[in-house]
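See below for the structure under consideration.
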Amino acid sequence: MSWKEMSLEQLADSLGVNYAEVREKQKLIDLIVKAREKNGISQAKLAKMVGVSQSRIAQIESGIGTSKITFDVLLNILSIMGYDFKIIYKKAA
């Protein structure tokens, strides 16, 4: 089967990437971008707040290497912007 015929899940699996994890990280990245823009914070200012370079914020926001970005990094960025988190467990339907 060629990669063009694979589902995203199959392609991720063939590359050794956890699709569900990447999908959840992308949701957090989308939230970071929306929160930053809503609050009028530039990438440079956010980088200074977080203690990283502006280019690192740009990489994170673009999703480059999403599978290698840890949840800790993403949650820390959101925390610095004033977000709190809860993990809720519920039985799947």
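Quick note: the coordinates plus some simple rules give every number you see, no bench work behind them. Note that the structure is predicted; figures quoted are calculated from it, not measured. Glycine also receives a Cβ, built like all others from the backbone with ideal geometry; neighbour counts cover every protein chain displayed.
Structure data summary
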read-out	value
Percentage relative contact order, the chain, counting C-alpha pairs under 8 Å, at least six apart	27
Max mean-square fluctuation residue, GNM over the chain, Cα-Cα springs under 10 Å, options 42, 53, 14	14
Within-10-Å neighbourhood charge of residue 54 [Cβ basis; K, R +1; D, E -1]	+3
Dipole moment magnitude, nearest 20 debye, the chain about Cα centre, only Lys, Arg, Asp, Glu C-beta charged	340
Selection of chymotrypsin sites (Phe, Trp or Tyr not before Pro), the chain, meeting DSSP coil and at most 11 other Cβ within 10 Å	85, 89
Per-residue Cβ neighbour rank within 10 angstrom, fewest leading, 67, 62	62, 67
Computed lengthening from residue 55 to residue 31, 0.36 nm per intervening residue step minus Cα-Cα distance	6.8 nm
Global geometry of the chain, whether rounded, prolate or oblate, following the gyration tensor of its Cα atoms and the 1.5 cut on a/c	oblate
Estimated FRET transfer efficiency when R0 is 35 angstrom, pair residue 20-residue 48 (beta carbons, to 0.05)	0.60
Low-density loop positions, trypsin sites (Lys or Arg not before Pro), region 4-93 - DSSP coil, at most 10 other Cβ in 10 Å	86, 90, 91
